[in-house]
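Participant: My structure is below; once you've seen it, I'll send some questions.
Since every read-out is calculated from the coordinates, none of them should be taken as a lab result. Being a predicted model, the structure only gives us computed values, none of them experimental. In this analysis, Cβ positions are derived from the backbone assuming ideal geometry, glycine residues included, and neighbour counts consider all displayed protein chains.
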Amino acid sequence: MEQQKQVHYSDYLQLDKILNAQTLESDLLQQHAHDEMLFIVIHQAYELWFKQLLFEIDSVAAIMQKPAVNDNSPELQTVVHRVNRMVTILKVLVHQIDIMETMTPMDFLDFRDMLRPASGFQSWQFKLAEAKLGLKYQQRHGQEYYISQLRQQQIDIIKQAEKEKSVIELLNAWLERMPFFEETANWKQYKSVSDIPATAGNGPFWSDYRHIYTIGLAEAEQKNIEYFDAVFADESATGDRQLSPRACRAALFIMLYRGYPMLQLPFQLLNGLLEIDEQLSTWRYRHMSMVQRIIGTRIGTGGSTGRDYLKGALDKHYIFAEIARLTSFLIERRKLPVLSIEMERRLGFVQG
């Protein structure tokens with residue numbers, strides 16, 4: 001029997017490569033800047049975590065690309081678990097800024113000019129992660145900076161990712177496959193609470209829900225009903241929209257009735273994606289605040305507008321905003337329509 005190879009900790013982690021990958025520009029120029037080591041290590045750590053994020057994103061996409069994801073199987077649990085792992089990694093990235101902020105503005109000035117034109121804009125892995133999650137080119141702030149400083153090989157990788165199905169596109173397809181309203185068998189014994197005719201293809205539940213939502217709006221919120229119809233009924237809507245009306249109806253239903261066993265994992269998935277957006281936003285805010293503290297109104301080393309560019313990205317780069325907006329259409333739990341017996345059975349693990 002062949003003896004298993006003896007693995008050594010240092011060799012397995014290739015520490016010789018990692019621990020010898022910090023070359024200080026200030027030392028090469030014989031102008032040693034102590035904090036340059038911290039700057040390099042933190043950014044190397046960021047890139048390693050970006051690699052792990054991409055690994056998790058690809059695994060989630062591979063599962064969700066299947067023609068059907070069994071919601072009552074380990075598949076959806078795996079997706080939720082890996083999305084939650086991504087959230088935890090992003091929290092670590094946010095907290096790394098605490099370490100970076102131990103470097104004062106004068107500490108940074110000791111080596112800042114030696115870095116030009118190197119810049120965070122050249123982090124192709126971060127741009128790739130955004131693209132794979134679903135941030136489209138037309139949604140980006142500062143499009144002129146997007147790939148202008150990347151190498152051609154890196155540009156090609158990102159452009160290829162933009163041609164593939166993103167996580168939010170796969171989410172849309174997954175939500176559209178959920179037959180909550182389209183199958184009339186789910187609503188045979190449903191007792192309507194209004195006299196409003198059922199919307200074609202959506203059953204009596206949706207007409208009831210729209211009615212309950214409408215009568216609960218304050219006077220200043222009356223325009224929300226137009227917004228409601230645009231989100232949930234306007235099949236012709238295009239533009240920057242990435243979730244269809246059918247997908248939005250399914251997502252709202254999951255949020256409303258998440259207490260049922262079959263909807264708990266779908267709700268956790270939606271919530272996890274919102275948490276990814278929140279952590280990315282938190283990271284952008286902390287990064288912007290740190291940049292303002294360290295360099296004030298000066299331009300970035302890569303030629304960007306510095307703090308102003310980061311502020312624009314913070315305001316615009318929300319990937320799962322369409323899920324977040326659905327909270328505008330929630331109603332109080334006590335006012336929720338009582339589901340039909342058929343639907344309650346379907347949403348429990350016990351069928352029949």
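Participant: Which of I168, Q139, I215 sits closest to the plus end of the dipole of the chain, meaning its Cα is farthest towards the positive end, when Lys and Arg get +1 and Asp and Glu get -1 on the C-beta?
Facilitator: Result: I215, furthest along the dipole toward the positive end.
Participant: Now, a different point. Return the single residue from I215, I42, I225 with maximal mean-square fluctuation; model: Gaussian network over the chain, springs between Cα atoms under 10 Å.
Facilitator: I215
Participant: Just round it to a whole percent: the fraction of Cα-Cα distances in the chain exceeding 31 Å.
Facilitator: 47 percent
Participant: May I ask you to evaluate 6.51 cos²θ - 1.76 cosθ + 1.60, the Karplus curve with θ = phi - 60°, for each residue of region 320-335 and list the ³J(HN,Hα) values in order in whole Hz, giving x for glycine and proline?
Facilitator: Each residue of region 320-335 in turn: 10, 4, 5, 6, 4, 5, 5, 5, 5, 10, 6, 10, 4, 4, 5, 9 Hz.
Participant: Stretched out fully, how many nm does the piece from T282 to H95 gain, at 0.36 nm a residue minus the Cα gap?
Facilitator: Values: separation 187, 0.36 × 187 = 67.32 nm, distance 1.01 nm.
In short, 66.3 nm is gained.
Participant: How large is the dipole of region 98-151 about the Cα centre if only Lys and Arg carry +1 and Asp and Glu carry -1, each at its Cβ, rounded to the nearest 20 debye? Intermediate values should be presented prior to the final figure.
Facilitator: On the way: 7 positive and 7 negative charges, 102 e Å.
Result for region 98-151 is approximately 480 debye, rounded to the nearest 20.
Participant: Still on this model: Treat the count of other C-beta atoms within 10 Å as a stand-in for reagent exposure and order F180, F267 from fewest to most. Please report the intermediate quantities before stating the final value.
Facilitator: Values: F180 24, F267 18.
By the 10 Å Cβ count, ascending: F267, F180.
Participant: Where does helix 36-64 land angle-wise versus the long Cα axis of the chain, in degrees 0 to 90, nearest 10?
Facilitator: 30 degrees
Participant: Let me ask something else about it. Among F126, M64, I89, pick out the residue whose Cα is farthest towards the positive end of the charge dipole of region 57-143, where Lys and Arg carry +1 and Asp and Glu carry -1 on C-beta, about the Cα centre.
Facilitator: Checking the options against the dipole of region 57-143, the answer is M64.
Participant: Let me ask another. Search the structure for amide H atoms under 5 Å from the amide H of L339, placed 1.01 Å from N in the peptide plane, and list their residues when 5 or more places away or on another chain.
Facilitator: For L339, no residues qualify.
Participant: Nearest 10 degrees is fine. How inclined is helix 307-316 to the longest principal axis of the chain, computing both from alpha carbons?
Facilitator: 20 degrees
Participant: For the Cα atoms of the chain, what angle does the longest principal axis make with the long axis of helix 203-215, in degrees from 0 to 90, nearest 10?
Facilitator: With both axes taken from Cα atoms, the answer is about 70 degrees.
Participant: Just want to confirm a number: the relative contact order over the chain, from Cα pairs under 8 angstrom separated by 6+ residues, in percent. The partial results should precede the final answer.
Facilitator: On the way: 354 pairs, mean separation 81.7, N = 352.
Reported relative contact order: 23 percent.
Participant: Hey, can you rank 168-176, 54-62 by average C-beta count inside 10 Å, highest first?
Facilitator: In decreasing order of mean packing, 168-176, 54-62 become 168-176, 54-62.
Participant: Each residue of region 85-92 in turn: what ³J(HN,Hα) in whole Hz from Karplus with 6.51, -1.76, 1.60 and θ = phi - 60°, glycine and Pro shown as x?
Facilitator: After applying 6.51 cos²θ - 1.76 cosθ + 1.60, I find 5, 4, 4, 5, 4, 5, 5, 5 Hz.
Participant: Another question, then. Report the full-extension gain for the segment R293 to M37: residue separation times 0.36 nm, less the Cα-Cα distance, to one decimal in nm. Spell out each step's value before the answer.
Facilitator: Working: separation 256, 0.36 × 256 = 92.16 nm, distance 2.00 nm.
Gain on stretching R293 to M37: 90.2 nm.
Participant: At R0 = 30 Å, how high is the FRET efficiency between E164 and Q52 if r is their beta carbon distance? Nearest 0.05 is fine. Write down the numbers at each step before the final one.
Facilitator: Numbers: r = 20 Å, r/R0 = 0.65.
The pair E164/Q52 has a calculated efficiency of 0.95.
Participant: Now for a separate question. Tabulate in residue order the Karplus-calculated ³J(HN,Hα) for region 246-252, using 6.51 cos²θ - 1.76 cosθ + 1.60 with θ = phi - 60°, rounded to whole Hz; enter x for Gly and Pro.
Facilitator: Working through the residues one at a time gives 4, 5, 5, 4, 5, 5, 5 Hz.
Participant: Compare the peptides 7-16, 123-132 by average per-residue count of other Cβ atoms within 10 angstrom and give them in order, highest first. Kindly include the intermediate steps, with their values, before the conclusion.
Facilitator: Numbers: 7-16: 9.4, 123-132: 20.2.
Going by the mean number of other Cβ atoms within 10 Å, highest first, we get 123-132, 7-16.
Participant: Another question, then. Quick check: from the Cα gyration tensor, does region 1-71 come out rounded (a/c under 1.5), prolate or oblate?
Facilitator: oblate
Participant: Give me the extension gain from A118 to E342: residue separation times 0.36 nm, minus the current Cα-Cα distance, reported in nm with one decimal.
Facilitator: On the way: separation 224, 0.36 × 224 = 80.64 nm, distance 6.06 nm.
Roughly 74.6 nm would be gained on extension.
Participant: Can you compute the charge dipole magnitude of the chain about its Cα centre, using +1 on each Lys and Arg Cβ and -1 on each Asp and Glu Cβ, nothing else charged? Give it in debye, rounded to the nearest 20. Intermediate values should be presented prior to the final figure.
Facilitator: Numbers: 39 positive and 44 negative charges, 108 e Å.
About 520 debye.
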